[in-house]
Amino acid sequence: MSNPAKVLDFLRILSPKWDPSLAFVALGGLIPYGVLYHTSIKQSPKPALAPEFDVPTSTTIDKKLVTGASIFGIGWGLAGVCPGPAIVGAASFLSTGAVGPLIFLASMVAGMVVASKA
């Protein structure tokens, strides 16, 4: 997931270059998460280091949600990088000297700051 070319090939669903391998990465994360979610949040009265679980309860699809999801999706499609692998890419600056991942990470943090003020 830290290779933008691979991510972009995954997003090109209708292309002959479509690469479904990232779906297996997603399933490899979603399956253990589902099990852990069920065993921790559904069965535990509270987390070990907080007074309660902070689980979103809103089911409303509003303008803020659609706008944020659209910006995230467009950015992911243009850059081929999502937040977790962006951190890996920024850390690789030390060995590669590539500034692109640092710019992406700084932009992502700036967006998070702006969103928290809205």
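The values are calculated or read from the model by the stated rules, or taken from the named source; none is laboratory data. All of these numbers come straight from a predicted model, not from anything done at the bench. Counting neighbours? That spans all protein chains shown, and the Cβs are built from the backbone with ideal geometry, glycine included. For accessibility, only protein heavy atoms count, side chains too; no ligands or nucleic acids. Shrake-Rupley method; radii C 1.70, N 1.55, O 1.52, S 1.80 Å.
Tabulated data for the structure shown
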read-out	value
Global form of the chain, assessed from the alpha-carbon gyration tensor, a/c cut-off 1.5	prolate
Distance in nm between pseudo-label sites at Thr96 and Val109 (7 Å out along the Cβ direction from Cα)	1.9
Two-site FRET efficiency, Val55 against Lys6, from Cβ-Cβ distance with R₀ of 35 Å, rounded to 0.05	0.60
Residue-normalised accessible area of region 32-118, given per residue in Å² at a 1.4 Å probe	77
Full-extension gain in nm, Ser70 to Lys46, via 0.36 nm per residue minus C-alpha separation	5.3 nm
Highest-first arrangement of 100-106, 25-31, where packing means the average Cβ count within 10 Å	100-106, 25-31
Dipole of the chain, positive end: most advanced residue of Pro45, Pro83, Thr57 [Cβ charges, Cα centre]	Thr57
Computed label-point distance, nm, for sites Leu22 and Lys63 using a 7 Å Cα→Cβ extension	3.0
Radius of gyration and maximum dimension Dmax of region 52-118, Cα, Å	14.7, 44
Farthest toward positive dipole pole in the chain [+1 Lys/Arg, -1 Asp/Glu at C-beta], among Gly28, Ser92, Ala69	Ala69
Between region 89-118 and region 50-86, the alpha-carbon center distance in angstrom	17
Highest to lowest packing among 34-45, 50-61, scored as the average C-beta count within 10 Å	34-45, 50-61
Relative contact order (%) - criterion: Cα under 8 Å, at least six apart; region: the chain	27
Computed magnitude of the charge dipole of the chain (debye, nearest 20; Cβ of K, R +1, Cβ of D, E -1)	120
